[in-house]
Amino acid sequence: WNWEADAGLYPSFSGNIQRLHARGIRFLAYINPYLVRGGPLYEECKTRGYLVRTQDGQISHVKSTTFEAGQIDLTNPDAAAFFQKKLIQENMLDLGVDGYMADFGEYLPMDCVLHDGDPADCHNRWPVLWAKLNREAIEAHPRHNELFFFTRSAYNGAQQYAPIMWNGDQHTDWTVDYGIPTVLPAAFSLGFSGVTLSHADIGGFFSIGKIARDAELLIRSMEVGAFSPLMRSHESIRPEANAQPYDETVVRHTVRLSRVHRALAPYLQRVIQEAHEGVPAVRPDFYDANDFSKHADPQSYFLGGDLYVCPVYQKGAERRTVWLPEGTWIHFWSERPFSAGEHTVSAPLGSPPVFYRAESPFAELFA
């Protein structure tokens, strides 16, 4: 958590990014508002008075796994400007980084001392300040039209700064309370809360002990990622214990589903425009009818107004019962028409039950 490219681990960091750019590949990075205790940037910010402090004037530390870190004081304009210029623009964007995960932004101690304001009053606003800092750093950069970031923390008002959120860190398992099935209820809640664009770590993130994904879970999660505003995988915190998109048994699904996602770009652009106007990109099954009594499936969802997706979250399942909303729907893979109501359809790995409106202006694209 010292936000500089390590020359030993990443020799020719900027040069490698430029070579990727020449192949049409964009490069994403990661930061958060913490600095590892004792690191060069920590020491500089400590000297400048840019870190959150305790009541007795010491640096306020949080512990992450085995190490401690200090937090940039987002209420200090000089600290925010330093973080924007040095850590985001110079250490990432100027080197060719095209976007990044802006992690954390929610752990403000209630008993700390800030440059400006009461931490109890600032606590909920902290993620908004974090999103604002990142947005301003990008908009001030010469490549601002080519860049983006995504966040995981928010409060009312963050959506005006954060282009898209992710709702992780799910467990890499099937459990309904912590695992992959939590992705969609979280997306629905975010949508109704005004955060109209979200996505999730494909395959989940948290893995410890027996919690580890197999190829089936990863592919089922990838199916939802393909039919989402943003398709992004994650190796998890234990890559060696979890199935990966590049595994021999998985990679053909990775290729096929990522091509589907790419082909949907014209439709997704419309969905994203609607999201900018306040309509969630991912919507629960009763959304179109505007009638909660039509709620039949806690996992199925609209992606925009013309695609209806029914994820498969039962291990070993090859078929899925679906409840289609009003209208005539075309099965995405077979082109078979379906009417509203209950149906049981085939759901082999890599081909989840997905339907599009027969009268959609994007019907030719979907076909």
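The values are calculated or read from the model by the stated rules, or taken from the named source; none is laboratory data. This one's a predicted model, so the numbers in the text were calculated from it and none came from an experiment. Cβ atoms come from the backbone with ideal geometry, glycine included; neighbour counts cover every protein chain shown. The area values use the complete protein model at the heavy-atom level, side chains included, leaving out ligands, DNA and RNA. Shrake-Rupley method; radii C 1.70, N 1.55, O 1.52, S 1.80 Å.
Taking the options Val255, Val260, Val312, Val271, name whichever one is of a type in the set (Val, Ile, Thr), farther than 25 Å from Phe148 by Cβ and modelled with pLDDT of 95 or more.
Val312
I need a count of the residues in the stretch 222-264 that are assigned to a helix (DSSP H, G or I) and either surrounded by fewer than 18 Cβ atoms within 10 Å (Cβ to Cβ) or free of Cβ contacts under 8 Å to residues at least 60 places away in the same chain (or both).
17
Here is a check on your reading of the model: is Lys85 under 22 Å from Ile237 (Cα atoms), basic (Lys, Arg) and either modelled with pLDDT under 95 or not in a loop (DSSP other than H, G, I, E, B) (or both)?
In short, no.
Return the total of residues in the stretch 121-131 being open to solvent by less than 70 Å² (accessible area, probe 1.4 Å) and more than 17 Å from the chain's Cα centre (by Cα).
Looking only at that region, the number is 4.
Of these, Val195, Val176, which one is in a loop (DSSP other than H, G, I, E, B), of a type in the set (A, V, I, L, M, F, W, C) and either in contact with an Asp or Glu (Cβ under 7 Å, 6 or more places away or on another chain) or under 21 Å from Pro353 (Cα atoms) (or both)?
Val176
Within the stretch 176-199, track down each residue that is under 20 Å from Tyr267 (Cβ atoms) and free of Cβ contacts under 8 Å to residues at least 60 places away in the same chain.
His199
When you check Ala69 against the structure, is it over 23 Å from Ile138 (Cβ atoms), open to solvent by less than 30 Å² (accessible area, probe 1.4 Å) and either in contact with a Lys or Arg (Cβ under 9 Å, 6 or more places away or on another chain) or not acidic (Asp, Glu) (or both), yes or no?
yes
Matching residues to (1) touching a Lys or Arg at 6+ places or on another chain (Cβ under 9 Å); (2) among the charged types (D, E, K, R):
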site	(1), (2)
Asp118	no, yes
Ala137	yes, no
His141	no, no
His144	no, no
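Among the residues of the stretch 1-54 satisfying the criterion of being in contact (Cβ under 8 Å) with a residue 60 or more places away in the chain and of a type in the set (Lys, Arg), which is surrounded by the fewest Cβ atoms within 10 Å (Cβ to Cβ)?
The qualifying residue surrounded by the fewest Cβ atoms within 10 Å (Cβ to Cβ) is Arg26.
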